[in-house]
Structures are given as C-alpha cells and as structure tokens.
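A quick write-up on the structure given underneath.
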Amino acid sequence: MEIFRAPRVTLVARPEFLEPEHLKVQWQGQASGGERLAEYAGRICYMSQHNPAGRSTAEYLENIKKQGHGSVLEHAVYVLLIEGISRSCSHELVRHRAGFGYSQLSQRYVDESHAAFVMPPAILGDAALEAAWEQQVTEAQAAYVRTVQALLERYSWVADKGHRRKMAREAARSVLPNATEVKIVVSANARAWRTMLELRCGEGAELEIRRMAVAVLRCLQQEAGALFSDFEIYVADDKLEAARVEYHKV
Ligand SMILES: Cc1cc2nc3c(=O)[nH]c(=O)nc-3n(C[C@H](O)[C@H](O)[C@H](O)COP(=O)(O)OP(=O)(O)OC[C@H]3O[C@@H](n4cnc5c(N)ncnc54)[C@H](O)[C@@H]3O)c2cc1C
C-alpha cells in the first residue's frame with residue numbers, strides 16, 4: 001500500500017502572454033508570461049504603456065498588491081495537479097469557489113482497491129501512532145474490497161458491466177476513510193490563489209491543508225514570484241511550516 005507523507009504539486013498550465021504589436025509596453029526586467037499579462041492589464045487602465053516611472057514588472061506588481069488592485073491579478077490563471085492529499089483535505093480545498101475550477105478523481109468510477117492513503121501530519125513521526133493508523137486504513141480498504149465484491153454479486157442481474165461496477169463502487173466507497181488519497185486538477189487565477197493561500201497557510205488552518213497550501217505557495221512563487229513574493233514561509237511554534245502575507249486579500 002502506498003502511503004503519502006507529503007503532497008505532490010505540479011504546475012500543468014501557465015499563462016502565455018501574446019503582446020499586441022500595436023500596443024506594446026516598455027518593459028523593465030525579466031518576468032514570466034503571467035506577470036507580464038497582469039502588468040499589461042494594469043497598464044491599460046491608465047494607458048501607461050510608456051512606463052513613466054521606469055518600473056520593472058516586479059516593482060509594478062508590488063505596487064498593485066500594495067494598493068489592493070487585485071482585479072488585474074485575475075487575468076493570470078495557473079493550473080496545478082495536486083496529488084497526495086486526502087479526501088478530507090480536498091473537501092476543504094474545494095470550498096474555495098471564486099475564481100477556482102476543479103476536476104477530482106471520481107470514487108464512483110475509479111477502483112479504490114489499491115488506493116493510496118495520506119498520513120496526517122499529526123501522526124507522522126510517532127512509530128506507534130503510524131503503525132496503528134496503517135493497520136486501520138488497511139482494514140478499511142479490505143472492507144471496501146469485500147463490499148465491492150458483495151455488491152457486484154448482488155447486482156449481477158444488471159446487464160451493463162460498467163454500470164454495475166459504478167453501483168458497487170459508489171456504495172462501497174462509504175467505508176473508505178477520509179485519508180484516502182485523491183488527485184485533483186485545480187485552476188485558479190492569481191487573486192483567487194492568494195486568497196486561498198492566506199487562509200490555508202495560516203497557523204489556524206488544519207495541518208494537512210496547511211502543508212498542501214505551503215507546497216502550492218512554493219510552486220507558485222517559483223513560477224511567478226512577483227505575484228506571490230509577499231508571502232513569507234516560516235516555521236511556526238508547532239514546528240511546522242506556515243506562511244504569512246504582507247498585503248491581505250487584494
Ligand atoms: C481555519 C478555517 C476553518 C474553517 N472551518 C470551517 C467549518 O468549520 N465549517 C465550514 O463549513 N467551513 C469552514 N471553513 C471554510 C470557510 O467557511 C470557507 O468556506 C472557505 O475558507 C472558503 O472561503 P470563501 O468562501 O471566502 O472563499 P471563496 O468561495 O473562494 O470566496 C472568496 C471571496 O469571494 C466572495 N464571495 C464568494 N462567494 C460569495 C457569495 N456567494 N456571496 C458573496 N460573496 C461571495 C467573498 O468575499 C469571499 O471571501 C474554514 C476555513 C478555514 C480557513
């Protein structure tokens with residue numbers, strides 16, 4: 001059985017900025033497509049393509065965040081594949097609605113007989129707790145396999161095999177634990193990511209989604225530093241990573 005002890009976050013799509021030939025900006029400094037796009041959108045508001053202050057993209061976007069002009073950040077959409085998070089973590093994640101899109105592994109269609117499980121951060125590192133937890137999820141998975149088998153037999157009269165499997169799995173999943181691993185593709189614009197990160201990287205957030213949010217933050221900072229540079233990752237009093245933001249909910 002595969003056990004995840006940390007999430008896996010992969011950037012699968014980023015903005016591609018296509019600058020109009022007839023309306024160009026006098027850029028300063030290096031930047032990614034998403035950062036350029038946000039600056040471009042911001043400069044349209046005041047027709048300041050000639051860049052009178054000679055600001056780099058990073059400086060321009062720093063000011064946008066400081067002033068709270070978050071709407072220009074909505075143009076830059078980043079799509080992440082997030083794996084190694086539990087069903088309970090993804091349930092918390094999908095509560096973030098504005099600016100987000102989700103596609104999550106379906107437990108009705110996918111056979112979970114060999115599903116992986118995600119160990120909660122609070123259990124990690126304690127050998128006795130880890131062993132007990134592994135035993136518990138192993139038993140739950142065995143119950144799932146037995147239930148699927150029993151339901152396939154109960155509904156053997158259903159001619160469509162695919163439909164029969166779905167009937168069995170959608171009922172049997174009820175015995176799977178919250179710790180069952182899910183894979184989810186998450187699309188969100190930079191403003192929406194920032195709002196989620198502020199809430200979920202904080203010390204008040206549940207530990208697993210906090211661990212996931214910090215991993216998402218690292219990924220997005222690497223991709224588009226100027227959009228996320230005001231988030232600071234630190235080790236909190238509970239010895240786990242958290243992050244705080246300088247410019248709140250722009
Ligand atoms: C530490 C923590 C504990 C939590 N505990 C619980 C809990 O016990 N139970 C529970 O059910 N949830 C809980 N939540 C989830 C929380 O209630 C929100 O659902 C989640 O944080 C998403 O926030 P949001 O609605 O602001 O996000 P989004 O849906 O992304 O919305 C972002 C912003 O858009 C605006 N907006 C979005 N939709 C509307 C709307 N329909 N009308 C008006 N404005 C809108 C608001 O300004 C909102 O803040 C918790 C969250 C955190 C961070």
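Details
- Residue within region 149-164 that is on the phi < 0 side of the Ramachandran plot and touching a Pro at 6+ places or on another chain (Cβ under 9 Å) present: no
- Failed item, numbered, when G68 is tested on (1) of a type outside the set (F, W, Y); (2) farther than 16 Å from V216 by Cβ; (3) within 16 Å of the ligand (Cβ to nearest atom); (4) at pLDDT 95 or above: (4)
- Within region 3-46, restricting attention to residues that are part of a strand (DSSP E or B) and either of a type outside the set (K, R) or farther than 30 Å from Y102 by Cβ (or both), the residue that is farthest from the chain's Cα centre (by Cα) is I3.
- Flag for R244 being modelled with pLDDT of 95 or more, more than 11 Å from the ligand (Cβ to nearest atom), over 30 Å from D111 (Cβ atoms) and assigned to a helix (DSSP H, G or I): no
- Residue in region 176-187 that is in contact (Cβ under 8 Å) with a residue 12 or more places away in the chain, within 14 Å of the ligand (Cβ to nearest atom) and touching a helix residue (DSSP H, G or I) at 6+ places or on another chain (Cβ under 8 Å) present: yes
- Flag for A53 being away from the ligand (no atom under 16 Å from the Cβ) and either outside any helix (DSSP H, G or I) or basic (K, R) (or both): yes
- Test: Q221 is in contact (Cβ under 8 Å) with a residue 12 or more places away in the chain and either open to solvent by less than 40 Å² (accessible area, probe 1.4 Å) or within 22 Å of G84 (Cα to Cα) (or both): no
- A search for C-beta distances below 8 Å between a residue of region 227-250 that is open to solvent by 70 Å² or more (accessible area, probe 1.4 Å) and among the acidic types (D, E) and any residue that is within 16 Å of the ligand (Cβ to nearest atom) and not in a loop (DSSP other than H, G, I, E, B), counting only pairs 6+ apart in sequence or on different chains, returns E232/A243; E232/R244; E232/V245; E241/R210; E241/R211; E241/V214; E246/F231.
- If you check E203, E130, E134, E208 for being within 15 Å of the ligand (Cβ to nearest atom), open to solvent by 20 Å² or more (accessible area, probe 1.4 Å) and not polar (S, T, N, Q), only one passes: E203.
- The residues of region 72-123 that are more than 15 Å from the ligand (Cβ to nearest atom), among the small types (G, A, S), open to solvent by 10 Å² or more (accessible area, probe 1.4 Å) and within 22 Å of R191 (Cβ to Cβ) amount to a single one, S103.
The values are calculated or read from the model by the stated rules, or taken from the named source; none is laboratory data. Here the structure is a predicted model, which means the values were calculated and not measured. Glycine also receives a Cβ, built like all others from the backbone with ideal geometry; neighbour counts cover every protein chain displayed. To get the accessible areas, we keep the full protein, side chains included, count just its heavy atoms, and leave off ligands, DNA and RNA. Shrake-Rupley method; radii C 1.70, N 1.55, O 1.52, S 1.80 Å.
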